[in-house]
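> Here it is, the structure, as structure tokens.
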Amino acid sequence: MKNRFAFLMLLIILFISGCNLSKKGNKYPEQRLKESNEVKKEEEEIKPDENEKLKFVVVDLYFFNPDKGTLDIEKRQLFDLNEKTSMIKQVLRSLKLGPVGDLKPTIPENVEFKDVFIYRDTVYIDIHIDSNPSSIGGVSGEEMFIESVVKTVLSLSEDYKSVVFLVDGRQVDSLLGHIDCFCKFNRKSFD
């Protein structure tokens, strides 16, 4: 008798629960549709912020012109980044990728730009040089590398007055064994 009573109670509970679920089930699609329409209205009201559109800037990258034996400018359109060191890093990556036209690259494959920081009016560029310094191309190759980086970076802003190179975080006498790099390079360094 107790088993029958417990079984009967269980059936009643399941029946009542089922009725409540079916009522909720009938209302739920309506509620869901209403909520969905409200979300769509909110999405329609959101307009893109005009200030968040990607902005670009044209920069001067200095590459080697073999016909003239000098550096020439190649204009490149890059993202306009608000943060100064990020902008310089982006420019150095573009310089490392090389020219698009007939000019020749100035950054040796064994040179990697690690970090950039700015102190007052000086831009510090930390580089890493892999094992083979001879791939730079001697004195003229090292000079071309330094000049191209310095002119490119200083062309970004009048606020930048000089560039200092570091190798693996340390200031060194010479980057690749040919040119004295213990000093600051400025706009007049290559005149």
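The values are calculated or read from the model by the stated rules, or taken from the named source; none is laboratory data. Everything quoted here is computed from the prediction, not taken from an experiment. Note: ideal-geometry Cβ built from the backbone for every residue, glycine included; neighbour counts use all protein chains shown.
> Suppose we keep only residues that are touching a Phe, Trp or Tyr at 6+ places or on another chain (Cβ under 8 Å) and in a helix (DSSP H, G or I) within region 50-94. Which one would you say is nearest to PHE190 (Cα to Cα)?
LEU92
> Can you spot a residue in region 84-102 that is over 12 Å from PHE63 (Cα atoms) and among the small types (Gly, Ala, Ser)?
yes
> Look through region 95-129, keep the residues that are among the β-branched types (Val, Ile, Thr) and not in a loop (DSSP other than H, G, I, E, B), and return whichever of them is farthest from GLY69 (Cα to Cα).
My answer is ILE118.
> May I pose another question? Here are GLU112, GLU83: which of them is charged (D, E, K, R), at pLDDT below 95 and under 24 Å from LEU54 (Cα atoms)?
None of the other options fit; the residue is GLU83.
> Let me ask another. Is it the case that ILE127 is modelled with pLDDT of 90 or more and touching a strand residue (DSSP E or B) at 6+ places or on another chain (Cβ under 7 Å)?
yes
> For SER134, work out the one condition from (1) loosely packed, with under 13 Cβ neighbours inside 10 Å; (2) modelled with pLDDT of 85 or more it doesn't fulfil.
With (1) loosely packed, with under 13 Cβ neighbours inside 10 Å; (2) modelled with pLDDT of 85 or more applied to SER134, the lone miss is (2).
> Now for a separate question. Can you say whether ILE88 is surrounded by fewer than 18 Cβ atoms within 10 Å (Cβ to Cβ), modelled with pLDDT of 95 or more and within 25 Å of GLN171 (Cα to Cα), as far as the supplied structure shows?
Answer is no for this residue.
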